[in-house]
Amino acid sequence: MAGPLLAGFAVSAAQTTAPAPVHTIFSQVYPPELVQSGSALFRQDCSFCHGRDAGGGESGPDLTRSKVVTTDVGGDRIGAVVRNGRPDKGMPRFAYSDQQIASLMAFLHTQQGDALAKKGGRKGVDVSDLQTGNVEAGRQYFDGAGGCATCHSPSGDLAEIASRYQGLELEKQMLYPKHAKAKVTVTLVSGQTITGTLAYLDEFTVGLIDATAVYRSWRTGDVHYKVDAPVNAHVELFAKYTDADIHNLMAYLQTLR
């Protein structure tokens, strides 16, 4: 049965004497023109984050694996997310009409159906794929050989990290924390030192944001400076990790909710 936003389109398709090819998912029929309209709308407003084919982009998740899309009926879930947005995740609201929601739904359902039909049955990495390690071994590695506890705390900076990041995103944060901010200490000719968050660095200039949130910069030839980038410590671990270390550490981190 067609959903409420699609009912009119389904009827018109049924009345066509020589129907054009249609897209289906879960036995739902979508006229090609509706899918094409949704594709154009998606690429205009959504592809920047979610990719042109809805398979994921720089900042948006893969919608062909989205539970919202999978459980959507007649645009009820997709429409709610699109119209309300997800401000906590950086997604704005879109004032789409019912017809626009219907076309977007048809496109997303079609993309999901096509993705699932591809050889292999699925793509990407499921959260369950990253839950094969031993939690206690991961805890011991965190506190001991891994040296993680010297910089991080399960009740401090890592509190509820598994609620903020899931699956592959959590593993990326563990291996290469792109959001970790580098610190820099600048020593002036007078001997005075200024420490802050590194804001700019090239061969000519070093700049920082100091404790009062003020940007300050100097010519590199006039000062001494030392950069402390937390990510470097993680990079140095690459050569030391075993597969078991990574699996176990991931299992432990996933308990920090």
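Across the stretch 224-238, rounded Karplus estimates of 3J(HN,Hα) from the backbone phi angles (6.51 cos²θ - 1.76 cosθ + 1.60, θ = phi - 60°) give 10, 9, 9, 9, 10, 9, x, 4, 5, 5, 5, 4, 5, 6, 3 Hz, Gly and Pro being marked x. For the stretch 144-257, which whole-number percentage of the solvent-accessible area (1.4 Å probe, protein heavy atoms only) is attributable to carbon and sulfur atoms? Roughly 55 percent, rounded to a whole number. Based on alpha-carbon centroids, what's the gap between the stretch 76-116 and the stretch 195-257 in Å, whole number please? The stretch 76-116 and the stretch 195-257 have Cα centres separated by 37 Å. Per residue, the stretch 57-106 exposes 57 Å² of accessible surface when a 1.4 Å probe is rolled over the protein heavy atoms with every protein chain present. As a rough guide to protection, the peptides 33-40, 157-164 ranked by mean Cβ packing within 10 Å, highest first, stand as 33-40, 157-164.
So if each residue of separation counts as 0.36 nm, and I subtract the Cα-Cα distance between Lys89 and Lys181, what length gain in nm does that give?
Values: separation 92, 0.36 × 92 = 33.12 nm, distance 2.01 nm.
Separation in residues times 0.36 nm, less the Cα-Cα distance, equals 31.1 nm.
In percent, rounded to a whole number, the relative contact order of the stretch 181-224 is 33, using alpha-carbon pairs under 8 Å and six or more apart. Scoring 202-212, 100-110 by mean Cβ neighbours within 10 Å over their residues and listing the highest first yields 100-110, 202-212.
The values are calculated or read from the model by the stated rules, or taken from the named source; none is laboratory data. It should be emphasised that the depicted structure is a prediction, and the values quoted were computed from it without experimental measurement. Note that we place each Cβ from the backbone using ideal geometry, even for glycine, and neighbour counts take in every protein chain shown. Heavy atoms of the whole protein, side chains included, go into the accessibility calculation; ligands, DNA and RNA do not. Shrake-Rupley method; radii C 1.70, N 1.55, O 1.52, S 1.80 Å.
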